[in-house]
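Here the structure is laid out as structure tokens; the discussion comes afterwards.
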Amino acid sequence: MGYEFKQGVCSFEGCGRDAVCHEMCDKHYRRVLKHGDVNHVRPDLKPQPRPCVICGKIFTPPKRHGATHCSKSCTAKEPHNIVRCSVMGKEYATEIGIALRDRGEGKTYRKYMNRHEHRVVAESILGRPLVKGEVIHHKDGKKRNNSPDNISITTQGQHMKEHGLGIPGMKLWWKPWEKRRLKCTNLNQELEKRLDS
């Protein structure tokens, strides 16, 4: 093996580094710990050229393992991938969506395939995508009730009138002025306390 002990120098033949442990330098000591042999050399890790399974073109994969196709287009041409990717993706997304549905606090709209569910339902009723400016109105006022008989399609202006926003004398389902009044009364009380003391 070529071990010859010299004080403070690696005992491996041809190595002049300082000894760290067991009369070996750090490099040779780690080789012995990991592989059990000082002479161990890593095999060539470069990926080897190979033919594509679909088109037969010779290509070198980016990594040593896997890669039987030269490109994404060849991977998509694989017979089992054509149907599997599109169907499995939608099935999986639907399955996950059902599992996660109604787990939150109920303050937001439901999603279906990363879109608001009420918009998807409205588009299926119309048979076309919604046009810019079309808004969905929930007749019973519940955001999560997306049944087709509870949804109507209106414009933004009509929707605002329906909820009474910005029109004097109409009843609002929320009262923004109450928060302002509360804030003002709290400020007045604080001012009075400071003036009294």
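General observations
- Test: residue in the range 56-67 that is under 24 Å from F12 (Cα atoms), of a type in the set (A, V, I, L, M, F, W, C) and in contact (Cβ under 8 Å) with a residue 12 or more places away in the chain: no
- Evaluation of L45 against (1) at pLDDT below 80; (2) over 30 Å from G141 (Cα atoms); (3) exposed (fewer than 12 other Cβ atoms within 10 Å of the Cβ); (4) under 26 Å from the mean Cα position of the chain (by Cα) (one fails), failing number: (4)
- For G164: the one exception among (1) of a type outside the set (S, T, N, Q); (2) loosely packed, with under 13 Cβ neighbours inside 10 Å; (3) at pLDDT below 70; (4) at positive phi: (2)
- Of the set (1) at pLDDT 85 or above; (2) in contact with a strand residue (DSSP E or B) (Cβ under 7 Å, 6 or more places away or on another chain), all apply to V38 but (1).
- Condition check for G97: at pLDDT below 75, surrounded by 11 or more Cβ atoms within 10 Å (Cβ to Cβ), in the same structural domain as G141 (by TED's automatic domain parsing) and among the small types (G, A, S): yes
- Identity of the residue in the range 108-123, touching a residue at least 12 places away in the same chain (Cβ under 8 Å) and exposed (fewer than 12 other Cβ atoms within 10 Å of the Cβ), that ends up nearest to T154 (Cα to Cα): T108
The values are calculated or read from the model by the stated rules, or taken from the named source; none is laboratory data. None of the values given here were measured: they were computed from a predicted structure. So basically every Cβ, Gly included, is an ideal-geometry build from the backbone, and we count neighbours across all protein chains shown.
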